[in-house]
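A short write-up of the structure that comes next.
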Amino acid sequence: MTQDAWLTAEVAGPKKASLITKPEIADAMIRRAKRPVFIVGSIAAEIDLEEKKLIDYVIAMAKRCKIQVVATGNTNNEFLKRGFTPDAVMPAVDIGNRLTDHTWQGVDGKGPHDLAIFAGLPYQMAWTILSGLKNFAPNLKTISLDNVYQPNASWSFSNISIKTWIMNLEAILGNREG
Amino acid sequence: MGTKEINISIKEIETEIGNIKDLRFSVGRLAQETWDEPQGPTPFPSMTALRNWDLTLLNRYKPFYLPFCDLCCLCTFGKCDLTGDKKGACGITMPGQQSRIVLLAACIGAATHTSHARELVTHLIEEFGSDTRLDPGGLNIKVEAPITRLVCGMKPETLGDLETVLDYSEQQITSLLACTHTGQEGNPLDLESKVLHTGMIDHLSMEVADIAQVSAYDLPKADPNAPLVDIGFGSVDTTKPVILVIGHNVPPSVEIMDYMQDNELTGDIEVTGICCTGIDMTRYSPKAKIIGPISWQIRYIRSGIPDIIVVDEQCIRTDVLDEARVLKIPVIATSGKNCLGLTDRTGDPPDEIIDDLVSGTIDGALILDPEKVGVVAVKTAMEIAPRRKKDKKGIFLSHEEAIELAKQCTQCRECRRACPNDMHISDAIKAFSREDPAMLAEIYDSCVGCIRCESACSEEIPIHSLIVAAGEDTLRNEAFRLRAGRGAIQDIEIRQVGGPIVLGEIPGIVAFVGCANYPKGGNELAEMAIEFANRRFITCTSGCAAMTIGMYKNEDGKSPYEIYPGNFEAGAIVNVGSCVSNAHISGAAVKIASIFARRNLRGNYAEIADYVYNRVGAVGVAWGAMSQKAASIAAGFWRLGIPVIVGPHGTKYRRMLLGRADHDEDWYVEDARTNEKVYVGPVPEHLFISVETKEEAMVMIAKLSMRPNDTSRGRALKLTHYIDLHRRLLGSMPTDIHRFVRMEADIPITMKEDIVAILQEKDWKETVIPDPTLIPKKEVVQ
């Protein structure tokens, strides 16, 4: 396991993401959050995780933990194909911008989000948006659930194999021991 | 405007006050006024003259910063950690630093176009004389330089007049660059205002460059039927000597073609170009051929097909000499801005230089005289080609060689981690080593040709050459047709479309511009252009984007330029030309205000920008934007109130300019008829936004084409496109329709039932269509 950015040149500054070394960490972060929101990019429907896609895990987690879901890019289509309706459809930078506004009342209008979980965005796009949140959303924690290290998140997996990733996602879902 | 420099010299004169000897004085330039339009409030604006307008825009579209680096390392106090609310040693904040870097990037871009324009104008004045008349469109164009008229308040008539414009641009860029010094401007919004000023200067200089070259070189003059020219690797006759020119500044290429013409060699040699020099060469002579955008440099050089490489300026790989040296292809550098470490041979006789290049005594030469470049390039290519073709130098790998190299891969995945598009290169190489080229060939289609994969490879596998080997069939069959850059838009075309655009009945003008750093290959861009041409948008393009659109074929083997007309009209695909021709797209928006709406242009920037912003549904798309020039071009569109969409790599420009649709208070305009504030909805919702996928981009284009001034008929049409694309590409009805419907007549008739249900759910209330302006009446100077 390493703590290098997945794309080797994307070196972050002094403040770098803590590693999710075991799934309980991410699980605890999500359980502890009062107003979590999922930000799900187009690659979530492309990544094969054995019989499933990343988006299938996102849907399961969103349902289990009652997490609001924002579909970016054209991911909405993929959610709808799976019988799941996201809470909002908007560009990734638009939701990122709103999350820096501490007065924004969130996707459902019921209060500011305290945790943003990122999955399936193009690597550098997630990198830069997470950098924006790191610097300008001090009350927000962020988690990257991709299998590559995102240094600008609050918490991120390291660069892990697909197999390890699946084990972690299953464990977060409570389907398997972590 | 005609201008004259007055220089007076008096050897000796006796006057009442005494005897004066050797008196000399000069008056610089005197304007001979031939334009009776009244001067507006801001001719030759200083960098603060339009600050109020900028802040009006920036109040709606606040920066969302995406720091690409947490540190500042620009002075020896640093590095300074600016994370969160920390400040640097000079006191700068993270927002200030991000805007500062954006300003730096924009200054680099504007300086590049301005320097390009200056070299071009100086050269053309030397060659043709400063009194050479500007003629960008013959009888079809009376507003010859809309940006110059708007910004400078002057009407240029000759090449010499353009020097005055460039004097102003250079002065402004110097001041703007000075603002980025340590301990200078640190307020983020003031820095952003200066970014917009830089963008305006950039468009000014681009206009100068293009109208100068169109006039002097007789490039297509606002010609919608400019000839179709060849583009693509497969269009080159490799049995002939081949010259490759890379860059943007066309005089050396022109001299090459002139020399061939003068010596009856035109049919004997292939002149090929990469990047905007390629585009401008084909505007000069349709016999020239374009290979492709910037990303084709390595694959074309490594093919060994070029017998000589001539580089001018901008977007040229800095390792071009290294690549050429491997294949013993001589290189001629022609610009003081890009000397490549070569010996300056400008003063040497051509035959001596040719002998040295042909014999291989030297790898290349710096020749700062375009005419001499013409002679040397042509003669060298002719002498060297027979030997090179016999040797068949080139590193197109054979299938067997490529597979043997692929077998050396250790699957460390460092190539993938170096790839800007995170492509699964090592998996593809593994499959290739097992005789399955499909995955690697797929990577060929998306590869941006940066060869960072090769730099990262510990086994020194020439990965890009492997990719090209897998995609060789595709490469060799790249032969398409592109309509040569037409230049400006005719006044009559503006008259014909001005009304329908302003009323919203032509759904929009969409401009696909910028570089080739595409996330998933170029076909996506061509598909977008075709979609919007089919939707009867006026679809414009330029530069690398124009080439990319041309490198696409439908089932009948035709490129978009063979199918869609080149007129500035609904349903067309309009290639204006190279990077500097972008000024004709912003110029067209300005001309709508001038020619259709009869607003005074002269030195009247804020009023015209307010007009364009509220009425002209134009959207820029820089899907593969990469460069600093792209940054300054975008900034020039922003200041005119024209939104720009970039692809996913665009977040690396460090900040977006985003509106907040949910903040109703942001979306009021003044109704110029009643002076009342009227809610008009978030139109256009964003000024600069990066989107993730082609599908999202297409929905965003339709959305950002809405303007407050749309008639109900126009708004219904624009909503139809927005809703239809949202449904088709994103899978559902958009949830923000209520923000764009002002009255029931705005609702598209075929969607009425669905939309009315949404409006009821959202507690929608009818409003009015104002005569919209963001500038309070007292500020407008008539």
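The values are calculated or read from the model by the stated rules, or taken from the named source; none is laboratory data. It should be emphasised that the depicted structure is a prediction, and the values quoted were computed from it without experimental measurement. Glycine gets a Cβ as well: all are built from the backbone with ideal geometry, and neighbour counts include every protein chain shown.
Considering only residues that are small (Gly, Ala, Ser) and either in contact with a Leu (Cβ under 9 Å, 6 or more places away or on another chain) or surrounded by 24 or more Cβ atoms within 10 Å (Cβ to Cβ) (or both), look in segment B:529-554 and name the one that is nearest to B:Leu725 (Cα to Cα).
Among those residues, the one meeting the criterion is B:Ala529.
State whether the residues of segment A:106-123 include one that is part of a helix (DSSP H, G or I), facing chain B (nearest Cβ under 7 Å) and surrounded by fewer than 24 Cβ atoms within 10 Å (Cβ to Cβ).
Looking through segment A:106-123, at least one residue is part of a helix (DSSP H, G or I), facing chain B (nearest Cβ under 7 Å) and surrounded by fewer than 24 Cβ atoms within 10 Å (Cβ to Cβ).
Can you find even one residue in segment B:223-239 that is in contact with a Cys (Cβ under 8 Å, 6 or more places away or on another chain), in the same structural domain as B:Val320 (by TED's automatic domain parsing) and part of a loop (DSSP other than H, G, I, E, B)?
Scanning segment B:223-239 turns up no residue that is in contact with a Cys (Cβ under 8 Å, 6 or more places away or on another chain), in the same structural domain as B:Val320 (by TED's automatic domain parsing) and part of a loop (DSSP other than H, G, I, E, B).
Which ranges mark the helices (runs of 4 or more DSSP H) fully within segment B:428-476 that have 1 or more residues being modelled with pLDDT under 95?
B:438-446, B:463-470, B:472-476
Whether any residue in segment B:493-515 is part of a helix (DSSP H, G or I), touching a residue at least 12 places away in the same chain (Cβ under 8 Å), among the small types (Gly, Ala, Ser) and not assigned by TED's automatic domain parsing to the domain that holds B:Ile291 is what I want to check.
Yes, the conditions are met somewhere in segment B:493-515.
Would a scan of segment B:65-80 turn up a residue that is more than 12 Å from every other protein chain (Cβ to nearest Cβ), assigned to a loop (DSSP other than H, G, I, E, B) and buried (at least 22 other Cβ atoms within 10 Å of the Cβ)?
No: zero hits.
Collect the residues in segment B:445-502 that are within 14 Å of chain A (Cβ to nearest Cβ), out of contact with any helix residue (DSSP H, G or I) (no Cβ under 8 Å at 6 or more places or on another chain) and surrounded by fewer than 17 Cβ atoms within 10 Å (Cβ to Cβ), keeping them in residue-number order.
none
When you go through B:Arg60, B:Arg118 one by one, which is the residue that is among the charged types (D, E, K, R), away from chain A (no Cβ under 14 Å) and touching a residue at least 24 places away in the same chain (Cβ under 8 Å)?
Sole residue among the options that is among the charged types (D, E, K, R), away from chain A (no Cβ under 14 Å) and touching a residue at least 24 places away in the same chain (Cβ under 8 Å): B:Arg118.
Can you find a residue in segment B:555-565 that is of a type in the set (A, V, I, L, M), without any contact (Cβ under 8 Å) to a residue 40 or more places away in the chain and out of contact with any Lys or Arg (no Cβ under 9 Å at 6 or more places or on another chain)?
yes
Restricting to segment B:650-663, count the residues that are facing another protein chain (nearest Cβ under 7 Å) and surrounded by fewer than 24 Cβ atoms within 10 Å (Cβ to Cβ).
Adding up the residues that qualify gives 2.
Whether any residue in segment B:157-170 is part of a loop (DSSP other than H, G, I, E, B) and either in the same structural domain as B:Ser594 (by TED's automatic domain parsing) or surrounded by fewer than 24 Cβ atoms within 10 Å (Cβ to Cβ) (or both) is what I want to check.
Among the residues of segment B:157-170, at least one is part of a loop (DSSP other than H, G, I, E, B) and either in the same structural domain as B:Ser594 (by TED's automatic domain parsing) or surrounded by fewer than 24 Cβ atoms within 10 Å (Cβ to Cβ) (or both), which makes the answer yes.
Residue by residue, here is whether (1) touching a residue at least 60 places away in the same chain (Cβ under 8 Å); (2) surrounded by fewer than 24 Cβ atoms within 10 Å (Cβ to Cβ) holds:
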| site | (1), (2) |
| --- | --- |
| B:Met200 | yes, no |
| B:Asp210 | yes, no |
| B:Tyr217 | yes, yes |
| B:Lys240 | yes, yes |
| B:Ile246 | yes, no |
| B:Asp262 | no, yes |
| B:Ala288 | no, no |
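Right, B:Ile595: over 18 Å from B:Val621 (Cβ atoms) and outside any loop (DSSP other than H, G, I, E, B) or not?
yes
With the requirement that a residue be under 19 Å from A:Asn147 (Cβ atoms) and either aromatic (Phe, Trp, Tyr) or touching a residue at least 40 places away in the same chain (Cβ under 8 Å) (or both), what does segment A:58-71 give you?
If the condition is that a residue be under 19 Å from A:Asn147 (Cβ atoms) and either aromatic (Phe, Trp, Tyr) or touching a residue at least 40 places away in the same chain (Cβ under 8 Å) (or both), then A:Val58, A:Ala60, A:Met61 are the ones that fit.
Answer yes or no as to whether A:Thr85 is closer than 17 Å to A:Ala126 by Cβ and among the β-branched types (Val, Ile, Thr).
For A:Thr85, the condition - closer than 17 Å to A:Ala126 by Cβ and among the β-branched types (Val, Ile, Thr) - is not met.
Exactly one of these conditions fails for A:Gly132: (1) assigned to a loop (DSSP other than H, G, I, E, B); (2) facing another protein chain (nearest Cβ under 7 Å). Give me its number.
The number of the failed condition is (1).
Please go through segment A:1-43 and pick out each residue that is within 14 Å of chain B (Cβ to nearest Cβ), among the hydroxyl-bearing types (Ser, Thr, Tyr) and either buried (at least 19 other Cβ atoms within 10 Å of the Cβ) or outside any loop (DSSP other than H, G, I, E, B) (or both).
Correct list: A:Ser42 only.
Filtering segment A:77-89 down to residues that are in a helix (DSSP H, G or I) and more than 16 Å from the chain's Cα centre (by Cα), which residue is farthest from A:Ala116 (Cα to Cα)?
Once the filter is applied, the top-ranked residue is A:Lys81.
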